[in-house]
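Colleague: Just passing along the structure, written as structure tokens.
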Ligand SMILES: NC(=O)c1ccc[n+]([C@@H]2O[C@H](COP(=O)([O-])OP(=O)(O)OC[C@H]3O[C@@H](n4cnc5c(N)ncnc54)[C@H](O)[C@@H]3O)[C@@H](O)[C@H]2O)c1
Ligand SMILES: O=P(O)(O)OC[C@@H](O)CO
Ligand code: NI
């Protein structure tokens, strides 16, 4: 990571922001060729006797099998829970997957090991939390910033909800496994980082308008991770070890930033709400899922465009308080107009963001992901409702500025 784990722990202890910071329960983060040997040593140190390895067919092939060989050599008793995919071959973090883990886990398990990408981690995070046992993270692709966070975005009765659960107690990422991950997953990881342009802007806005808890340290950790990815775009695009290391470090650090707040304020704004809306629509239509990072890589420039072309012109022209806007918001919008303008002007242009995403091999148009323009249009009007406690600029636009009468 840009910062070492110890460094972040100490920065968090000294933080003067006034908000509660969750303890970083992560004891060790290893990103190296030696990760699995170090995991074996860690299990010895923890004296775990019985673990459950959670994976799916693909992640078991990518890393689970070789990890299990290691566990055998170490005489650690383990069982494997292979999460079943749906009829589209997708593994979804939903009730069925969680129930499968709970059913297949012995009651006296010491710890879980999540071997996979974002989805396997969220299933394991939630199940282990409910069973009151720790989990260890073994990422198989640098595809999301959700390895070190404590939130579990789950699909519950078809609705994407993020439930705060727990962070892993340790992370062991094997660089060979990460470098061999599908190129689309590497591009998706970059997409999840590029999304921080708008998530951080929405967070700043929500803090000004609605007193959403804000912390400069968490902001710094996140923007530092984003900048590291942008600075190493060539390496990430080439998929070389340097690039994969930088990307993975950035994703881990952004996850820790979320963990410190116990919420995804820094990492998820309107661009994520659009992505969640599209994901739910795909599930409803029984279509194959699209990678999370691919969706947010596409929705981020759409949100920048919408803020610069719709939100800002409307805001700067507002002469009187719309009926749907309460007095406090109206006063604050007036106070912060210049700051909001500066904030929006500080964002890279939609073209620039698309060029970055394209450079690392990601899609830039919704149609490339099978998302039709009508769905995009609908999501721009409705997606903010998925997170009514987040006062994003999209929320403000739709709920306070466009709803006359
Ligand atoms: N907890 C958080 O804070 C957080 C943060 C970001 C995203 N997320 C969530 O993560 C989920 C998306 O995760 P994702 O984008 O990593 O996709 P994913 O975990 O759904 O994986 C996609 C597919 O890639 C396969 N795969 C993984 N590693 C592989 C490898 N090395 N080789 C071949 N195939 C491999 C998986 O088996 C799966 O079929 C979403 O539900 C999203 O909401 C959570
Ligand atoms: O809190 P949510 O919106 O699920 O987002 C988490 C994660 O996707 C941030 O990158
Ligand atoms: Ni994300």
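The values are calculated or read from the model by the stated rules, or taken from the named source; none is laboratory data. Keep in mind that this is a model prediction, so the values were computed, not measured. So basically every Cβ, Gly included, is an ideal-geometry build from the backbone, and we count neighbours across all protein chains shown.
Colleague: Return the residues of region 336-349 that are farther than 15 Å from residue 312 by Cα and in a helix (DSSP H, G or I); say none if nothing qualifies. Please lay out each step first, then the result.
Modeller: Going residue by residue through region 336-349, those that are farther than 15 Å from residue 312 by Cα are 348.
Once the filter is applied, which keeps residues that are farther than 15 Å from residue 312 by Cα and in a helix (DSSP H, G or I), region 336-349 yields nothing.
Colleague: Go through (1) over 27 Å from residue 187 (Cα atoms); (2) more than 21 Å from the chain's Cα centre (by Cα); (3) at pLDDT 95 or above one by one and return the number of the condition residue 385 breaks.
Modeller: Among (1) over 27 Å from residue 187 (Cα atoms); (2) more than 21 Å from the chain's Cα centre (by Cα); (3) at pLDDT 95 or above, residue 385 violates only (2).
Colleague: Out of region 127-152, which residues are in contact with a helix residue (DSSP H, G or I) (Cβ under 6 Å, 6 or more places away or on another chain) and within 16 Å of ligand 2 (Cβ to nearest atom)?
Modeller: 141, 142, 143, 144, 145, 146, 147, 148, 149, 150, 152
Colleague: Quick one: in region 156-167, of everything that is under 15 Å from the mean Cα position of the chain (by Cα) and more than 8 Å from ligand 1 (Cβ to nearest atom), which residue is nearest to residue 59 (Cα to Cα)? Before you say what the answer is, go through the steps one by one.
Modeller: Going through region 156-167, the residues under 15 Å from the mean Cα position of the chain (by Cα) turn out to be 160-167.
Cutting the leftovers down to more than 8 Å from ligand 1 (Cβ to nearest atom) gives us 161, 163-167.
On the way: 161: 24, 163: 24, 164: 24, 165: 23, 166: 22, 167: 20 Å.
Taking the candidates together, the pick is 167.
Colleague: Of the residues 219, 197, 214, which is outside any helix (DSSP H, G or I) and at pLDDT 95 or above? Spell out the reasoning first.
Modeller: On the way: 219 fails: outside any helix (DSSP H, G or I); 197 fails: outside any helix (DSSP H, G or I).
Exactly one of 219, 197, 214 is outside any helix (DSSP H, G or I) and at pLDDT 95 or above, namely 214.
Colleague: Return the only residue of 269, 262 being within 15 Å of ligand 2 (Cβ to nearest atom), touching a residue at least 40 places away in the same chain (Cβ under 8 Å), closer than 16 Å to residue 194 by Cβ and under 17 Å from the mean Cα position of the chain (by Cα). So that I can check it myself, show each step before the final result.
Modeller: On the way: 262 fails: closer than 16 Å to residue 194 by Cβ.
Just one listed residue meets the conditions, 269.
Colleague: Can you name the residue in region 138-167 that is more than 16 Å from ligand 3 (Cβ to nearest atom) and within 21 Å of residue 65 (Cα to Cα) and is also surrounded by the most Cβ atoms within 10 Å (Cβ to Cβ) among such residues?
Modeller: The extreme case among them is 138.
Colleague: If you take the residues in region 276-316 that are touching a residue at least 60 places away in the same chain (Cβ under 8 Å), more than 16 Å from ligand 3 (Cβ to nearest atom) and not in a helix (DSSP H, G or I), which one is surrounded by the most Cβ atoms within 10 Å (Cβ to Cβ)?
Modeller: 287
Colleague: Residues of region 353-374 being more than 22 Å from the chain's Cα centre (by Cα) and in a helix (DSSP H, G or I), which ones?
Modeller: First, the residues of region 353-374 that are more than 22 Å from the chain's Cα centre (by Cα): 367, 372-374.
Selection gives 367, 373, 374.
Colleague: Among the listed residues 255, 243, identify the single one that is part of a helix (DSSP H, G or I), more than 16 Å from ligand 2 (Cβ to nearest atom) and under 30 Å from residue 40 (Cα atoms).
Modeller: Numbers: 255 fails: more than 16 Å from ligand 2 (Cβ to nearest atom).
Residue meeting the stated conditions: 243.
Colleague: Select, from 211, 240, the only residue that is under 30 Å from residue 327 (Cα atoms) and away from ligand 3 (no atom under 14 Å from the Cβ).
Modeller: 211 is the lone residue from the list that is under 30 Å from residue 327 (Cα atoms) and away from ligand 3 (no atom under 14 Å from the Cβ).
Colleague: Taking the residues in region 105-137 that are away from ligand 3 (no atom under 16 Å from the Cβ) and part of a helix (DSSP H, G or I) as candidates, determine which candidate is farthest from the chain's Cα centre (by Cα).
Modeller: Restricting to residues being away from ligand 3 (no atom under 16 Å from the Cβ) and part of a helix (DSSP H, G or I), the top hit is 130.
Colleague: Please indicate, with yes or no, whether at least one residue in region 295-303 is farther than 30 Å from residue 374 by Cβ and within 12 Å of ligand 1 (Cβ to nearest atom).
Modeller: no
Colleague: Let me ask another. State yes or no: is residue 173 part of a strand (DSSP E or B) and closer than 22 Å to residue 40 by Cα? Steps first, answer last, please.
Modeller: Numbers: part of a strand (DSSP E or B): yes; closer than 22 Å to residue 40 by Cα: yes.
The answer is yes for residue 173.
Colleague: Follow-up question, since we're still on this one. For region 227-240, give me each residue that is in a helix (DSSP H, G or I), more than 23 Å from residue 200 (Cβ to Cβ) and out of contact with any helix residue (DSSP H, G or I) (no Cβ under 6 Å at 6 or more places or on another chain).
Modeller: Within region 227-240, 234, 238 meet the criteria.
Colleague: Just name the residue that is farthest from the chain's Cα centre (by Cα) out of those in region 388-405 that are surrounded by 20 or more Cβ atoms within 10 Å (Cβ to Cβ) and within 19 Å of residue 280 (Cβ to Cβ).
Modeller: Selected residue: 398.
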